[in-house]
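A short reminder: the numbers here are calculations on the coordinates, not readings from a lab. Predicted, not measured: the structure shown is a model, and the values here were computed from it. Glycine gets a Cβ as well: all are built from the backbone with ideal geometry, and neighbour counts include every protein chain shown.
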Ligand SMILES: NC(=O)c1ccc[n+]([C@@H]2O[C@H](COP(=O)([O-])OP(=O)(O)OC[C@H]3O[C@@H](n4cnc5c(N)ncnc54)[C@H](OP(=O)(O)O)[C@@H]3O)[C@@H](O)[C@H]2O)c1
């Protein structure tokens, strides 16, 4: 047994930040990635035992999403393999207000291992590192009419919470609900980004059928279309329209605002347009 921490989704949005922070602290990390050594693939359970071999703690993230077919079985299978191998602690990335995510949390909570659940609101970085980036670059932000405001979370804050949970036993057995410091509409987020990049972004709300058609026209993969439909109809219905102070409770400072995130993201050049 070593003190190496396994980070699943190590090249993904949260995993890469957790890896970086642990490495800066001098803590050895193993990258859970299809290109890692050994490789980790949710679709190849035969490889999981060697990925968790000698590992004590795991940052457990699932890709693509808990609603994907077979997600719960895979998470259960991975947790069983980890436990058998001697893993003692799991820090689990979950989604706030999602029934399927809570079913996945139950697997972790019932595992008999030490656990912390990090239940997150929508990531701010969806606008710079994921699905909404193309909308920003095109200057055309189209979404189905949302029924609620969202307390978007900055992923550097989230990664700090995860690292705390991985390195301090007082977080064992806790469920943290992470939110940013403010409730925002997508119109607000579009305006804040547009002002920062100094380019207009047309904002349009359409009905769900119109949205699905637009995504289809852009050849967005079926599973992403399905995910967006689920998120906009089921999750963005008002159930998450509240702020918590869990980030401040864990890391001892206020969470980053959307405006601060926009400044950080803009500095990276991710929203620059090549002429
Ligand atoms: N986006 C949000 O706003 C939000 C909010 C709350 C919770 N969440 C949850 O966060 C979790 C992660 O979502 P994310 O969008 O942030 O993804 P992500 O962590 O950015 O995931 C992308 C990574 O997944 C890895 N991956 C892809 N297919 C894989 C496979 N078959 N086996 C193993 N790894 C694979 C890829 O790594 P390699 O190519 O290196 O293998 C890639 O770097 C999801 O469970 C989601 O429900 C998301």
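Observations, loosely collected:
- Those residues of region 215-249 whose amide nitrogen sits under 11 Å from the label point placed on residue 185, 7 Å along Cα→Cβ: none
- Whole-angstrom gap from region 35-53 to region 215-275, using each part's C-alpha centre: 29 Å
- Computed over region 58-178, relative contact order equals 28 percent, with contacts defined as Cα pairs under 8 Å that lie 6+ residues apart.
- Cα long-axis angle, helix 258-267 against the chain (0 to 90 degrees, to the nearest 10): 90 degrees
- Computed [θ] at 222 nm, helices only, for the chain once each DSSP H run of length n ≥ 4 contributes -39500 (n - 2.57): -11500 deg cm²/dmol
- The separation of region 64-115 from region 159-190, counted between C-alpha centres, amounts to 18 Å.
- The chain: angle of helix 155-167 to the longest principal axis, Cα-based, in degrees nearest 10: 10 degrees
- For a paramagnetic label modelled on residue 267 (point 7 Å from Cα along Cα→Cβ), amide N atoms under 19 Å away belong, within region 123-138, to 124-129.
- Normalised contact order of the chain, rounded percent, pairs of Cα under 8 Å and 6 or more residues apart: 18 percent
- Added length on full extension, which subtracts the Cα-Cα distance from 0.36 nm per residue, residue 126 to residue 80: 13.4 nm
- Listed from fewest to most Cβ neighbours within 10 Å, the set 237, 157 follows the order 237, 157.
- A straight chain from residue 73 to residue 248 at 0.36 nm per residue would run longer than the Cα-Cα distance by 59.6 nm.
- Rounded to 5, percent antiparallel among DSSP beta bridges of the chain: 5 percent
- Semi-axes of the equivalent ellipsoid of the chain are 32, 20, 18 Å, computed as sqrt(5λ) over the eigenvalues of the C-alpha gyration tensor in descending order.
- Cα pair count fraction exceeding 20 Å, expressed as % - region 120-232: 49 percent
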